[in-house]
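The structure appears right after this line, and notes come after that.
Throughout, read-outs are computed from the coordinates displayed, never taken from laboratory work. Just so it is clear, the model here is predicted, and its values are computed rather than measured. Note that each Cβ is placed from the backbone with ideal geometry, even for glycine, and that neighbours are counted across all protein chains shown.
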Amino acid sequence: MLNSILKILSPILLPILYSMCRISFKLARNMTQSSTARKFSNLELRKFAPLYEGHIINVSGYLDSDKEGNTYKSYFTKSKSYTISNYKGEKGLTHKENEVFIDLESDLPEELKGKFDVVYNHTTLEHIFKLEKAFENLCALSNDTVILVVPFLQPQHWIENSFEDYWRISPFALFKLFKKHNLEILYVNFNDNFASSTYIFAIATKQPDKWKSKFSTIPKMNMKSHFPGHSLSNLLVD
């Protein structure tokens, strides 16, 4: 009797159960994928930002929000000055104090080259088609340190008539790009959460001798045993 009922109901119940599983997974993913990665990168920045003094710029920082109720300016407790750069379009220029216009795809104005001790940039490069030019400009803005957050794994995202989404960046790419512009990576890390975007957090410098003692006790990433997407690859491999 039970088997007969199950045979009748299975064609109806199975699609419903499948749909419910998909909806549950999507809800969980949407709740965690960006917030988890953002919380990771914020935690990383909180560890290192207090080390830095001097003039700081958050490039393409919009409102400077860390999306946890604070500003990134508040992380750099020893800064002498704090500037935000923006571009045109939605989530672009705000016309607030200490804001400058920078087009990362164009040549950098001479007066901005080497002006800042720390250049901070969070998840912007994926939206810039001329990625290598933008990377060059980020490095040129700094006389010392570049702190960079880039997505390795993230759903495509864009705003119509404002910016699009072109790239995902690996640690290998970061090492080569920084080396090309005479910066040495001091630290690199990433979050590796299931059902989450993956952000890579990197700190590079033009003055490695100045900073190596402060970073000497920090474990180095071993990509042979741990790499971005590691949790996902373990899930997919038989």
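What does the net charge come to around Pro109 if you take all other residues with beta carbon closer than 12 Å to its beta carbon, with K and R at +1 and D and E at -1?
Here the charged neighbours net out to -2.
For the ranges 89-99, 202-212, 138-148, what's the packing order if you count other beta-carbon atoms within 10 Å of each residue, average per peptide, and put the highest first?
Going from most to least packed, we get 138-148, 202-212, 89-99.
Search the structure for amide H atoms under 5 Å from the amide H of Leu153, placed 1.01 Å from N in the peptide plane, and list their residues when 5 or more places away or on another chain.
Thr198
Applying the Karplus parametrisation 6.51 cos²θ - 1.76 cosθ + 1.60 with θ = phi - 60° to the phi angles of the range 199-212, what ³J(HN,Hα) value in whole Hz is obtained for each residue in order, glycine and proline being reported as x?
Result, rounded to whole Hz: 9, 9, 10, 9, 10, 10, 9, 8, 10, x, 5, 5, 10, 4.
Residue by residue through the range 157-167, what is 3J(HN,Hα) from phi via Karplus (6.51 cos²θ - 1.76 cosθ + 1.60, θ = phi - 60°)? Round to whole Hz and write x for glycine and proline.
8, 6, 10, 3, 6, 10, 8, 10, 9, 10, 10
Apply 1/(1 + (r/R0)^6) to the Cβ-Cβ distance of Asn182 and Lys88, taking R0 = 35 Å, and write down the FRET efficiency to the nearest 0.05.
0.70
Taking R0 as 22 Å, what FRET efficiency do you get between Asp209 and Glu110 from their Cβ-Cβ distance, rounded to the nearest 0.05?
Details: r = 27 Å, r/R0 = 1.24.
About 0.20, to the nearest 0.05.
Which entries in the list Lys67/Lys176; Lys180/Lys212; Lys47/Lys80; Lys39/Lys115; Lys73/Lys179 go over 26 Å, if you measure between the two C-alpha atoms of each?
Table pairs above 26 Å Cα-Cα are Lys67/Lys176; Lys39/Lys115; Lys73/Lys179.
Could you give me the ³J(HN,Hα) list for the range 141-147, computed from phi with Karplus coefficients 6.51, -1.76, 1.60 and θ = phi - 60°, whole Hz, x at Gly and Pro?
Karplus values, whole Hz, x for Gly and Pro: 5, 9, 9, 8, 10, 10, 10.
Going by the alpha-carbon gyration tensor, a ≥ b ≥ c the square roots of its eigenvalues, is the range 45-153 rounded (a/c under 1.5) or, if a/c is not under 1.5, prolate (a/b greater than b/c) versus oblate?
Here the range 45-153 falls in the rounded category.
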